[in-house]
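Q: Let me give you the structure first, and then I'll get to my questions.
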Amino acid sequence: MEPKSESKAREKKLIFSGIAPSGTPALGNYIGALRNWAALQDEYDCIYCVVDMHAITLRRDPAELRKKSRDMLTLCIALGIDPERSLLFYQSHVSGHAELAWILNCFTYMGELGRMTQFKDKSSKHEDNINAGLFTYPVLMAADILLYNVDLVPIGDDQRQHMEICRDIAIRFNNIYGDVFTVPEAYYGKVGARIMSLQEPDRKMDKSETANPNNTIFLLDDADTVISKFKRALTDSGSEVRFAEDKPGVSNLMTIYSALTGRTMPEIEAEFDGAGYGKFKLAVGEAVVETLRPIWKRFGELTADKAYVDGVIRASAEKASAMAEITLNKVKDKVGFPA
Ligand code: TYM
């Protein structure tokens, strides 16, 4: 992928998205975002990033963070991100993200950051470490996106508010300095933008889950673990497989099944008519295992091929840095930094 310059128009539209290495990616990440990352490569030029700088807003063990970042990046290749076509790198390898974030901090208001539900949620869970990075997290995310002048950002529903603030910052900056940033659109998949916890279907499935691992399917769980987590998944009263507001557990499982098999809700209701929850939950578990099996195999191969993955990381970061520099130079010039 070549850096976009003023003189050379890009043929395909551009995408950026990121994932934080705050755990092993979960089925929610896969359905809500990662499988769209892979699918969108046919139509778009894509830039994907393991956002390790976002991950240190909570305290992490350094060796563990390094391993989680590596596993996450490797998993991205295993599930279909093609390094021949797309860029895939660590955020901390491209210093432009932090540089632009500082500048954008000066164009973002305390009031708008204070309204972010994710900030409120995380600061209530980590009262002993409400750091400034946690507060300005959405500004770094805006920098990630605006640095590459992308058209589209594939995300799950929980990132909606962060996307809105990113657009607001871009528009504010453009209003002052002229057309500097492309104002990006969010892209949500047709099904599964919000996959819920298996045991507590009123909250989202989270890769950072530690309290009860049965809440989350981690993409590196083995087949037996996946099946057993689905067998234990909380269902609702009654025994009917029906997509309805008063059936949050069953509806969540139906969403997972629909996302992986392409079947519609009425088709799923017909398929499991009279079957009972046990049979249905097993079928969902099996569909997940079938989806993950080739990913596990490829992950194993890639983990053994250290040189290949290292090469991808290095080459992608180099290309991304060149692209980032074009925007950054323009921004620095606009705000009045000396050449
Ligand atoms: P993160 O790492 O929490 O999640 C990565 C992606 O997975 C989606 N997702 C879900 N989708 C459906 N159901 C769920 N239960 C679920 N949980 C997570 C998220 O919406 C996300 O798309 N701040 C971001 C990372 C980020 C980023 C960016 C994303 C940093 N810079 C720039 C896009 C563009 C985050 O923490 O996602």
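Q: Just to confirm the filter: which chymotrypsin sites (Phe, Trp or Tyr not before Pro) across segment 87-185 are DSSP coil and have at most 14 other Cβ within 10 angstrom of their Cβ?
A: Within segment 87-185, the qualifying chymotrypsin sites (Phe, Trp or Tyr not before Pro) (loop, at most 14 other Cβ atoms within 10 Å) are 109.
Q: Still on this structure, please answer the following. As an exercise, identify the GluC sites (Glu not before Pro) in segment 239-317 lying in DSSP coil whose Cβ has no more than 13 other Cβ atoms within 10 Å.
A: Here the GluC sites (Glu not before Pro) that fit, given the DSSP loop and packing criteria, are 245.
Q: So, one more: Cα centroids of segment 212-268 and segment 93-171: how far apart, whole angstrom?
A: 32
Q: May I ask you to evaluate 6.51 cos²θ - 1.76 cosθ + 1.60, the Karplus curve with θ = phi - 60°, for each residue of segment 200-212 and list the ³J(HN,Hα) values in order in whole Hz, giving x for glycine and proline?
A: Listing the rounded values in order: 10, x, 8, 10, 5, 5, 10, 5, 8, 4, 10, 4, 9 Hz.
Q: Here is a follow-up. Any of 67/279; 122/190; 120/231; 68/281; 247/281; 68/319 with alpha carbons more than 26 Å apart? Name them for me.
A: 67/279; 122/190; 120/231; 68/281
Q: Only four residue types carry charge here, +1 at the Cβ of Lys and Arg and -1 at the Cβ of Asp and Glu. Report the dipole size of segment 1-99 about the Cα centre in Debye, rounded to the nearest 20.
A: For this selection, approximately 240 debye.
Q: Can I ask one more? I'd like the orientation of helix 62-78 relative to the chain: the angle between its Cα long axis and the longest Cα principal axis, in ° from 0 to 90, rounded to 10.
A: It is inclined by approximately 80 degrees.
Q: A follow-up question, please. Just read off the accessible area of residue 176 with the full protein assembly in place, 1.4 Å probe, to the nearest 10 Å².
A: 100
Q: In addition: Rounded to the nearest whole Å², what accessible area per residue is found for segment 50-199 with the 1.4 Å probe?
A: Dividing the accessible area of segment 50-199 by its residue count gives 44 Å².
Q: To the nearest 10 degrees, how steeply does helix 277-304 sit against the main Cα axis of the chain, on a 0 to 90 scale?
A: With both axes taken from Cα atoms, the answer is about 40 degrees.
Q: Residue 179 accessible area, nearest 10 Å², 1.4 Å probe?
A: 130
Q: When the helices in the chain are scored as -39500 (n - 2.57) per DSSP H run of 4 or longer and the sum is shared across all residues, what 222 nm value do you end up with, to the nearest 500 deg cm²/dmol?
A: Counting only the DSSP helices, I get -16000 deg cm²/dmol.
Q: Could you give the spread of the C-alpha atoms of segment 1-157 along their three principal axes, from largest to smallest, in whole angstroms?
A: Here the spans come out as 47, 34, 28 Å, largest first.
Q: In segment 202-326, if every C-alpha pair distance is counted and binned at 10 Å from zero, what percent goes to each bin?
A: 12, 33, 26, 16, 11, 3, 0
Q: A further question on this structure: When only the heavy atoms of the protein chains count and the probe is 1.4 Å, how do 314, 293, 60 rank by accessible area, highest first?
A: 314, 293, 60
Q: Something else: What is the spin-label model distance, in nm, from residue 179 to residue 117 if the labels are put 7 Å beyond Cα along the C-beta direction?
A: About 3.5 nm separates the two model spin labels.
Q: Please give every one of the lysines within straight-line cross-link reach of residue 297, meaning a C-alpha to C-alpha distance under 17 Å, and leave out same-chain neighbours fewer than 8 residues apart.
A: Correct list for residue 297: 306.
Q: Against the longest alpha carbon principal axis of the chain, how many degrees, from 0 to 90 and to the nearest 10, is the axis of helix 306-335 turned?
A: 50
Q: Right, next: What are the ³J(HN,Hα) couplings of segment 172-179, residue after residue, when phi is run through the Karplus curve with 6.51, -1.76, 1.60 and θ = phi - 60°? Round to Hz, x for glycine and proline.
A: Ordered by residue, 3J(HN,Hα) equals 4, 5, 4, 5, 7, 10, x, 6 Hz.
Q: Follow-up. What ³J(HN,Hα) values, in whole Hz, does the Karplus curve 6.51 cos²θ - 1.76 cosθ + 1.60 give for segment 44-50 when θ = phi - 60°, with x put for Gly and Pro?
A: 10, 7, 10, 10, 10, 9, 8
The values are calculated or read from the model by the stated rules, or taken from the named source; none is laboratory data. From a predicted model like this one, the values you see are computed outputs, not experimental measurements. So basically every Cβ, Gly included, is an ideal-geometry build from the backbone, and we count neighbours across all protein chains shown. The accessibility values were calculated without ligands, DNA or RNA, using every heavy atom of the protein model including side chains. Shrake-Rupley method; radii C 1.70, N 1.55, O 1.52, S 1.80 Å.
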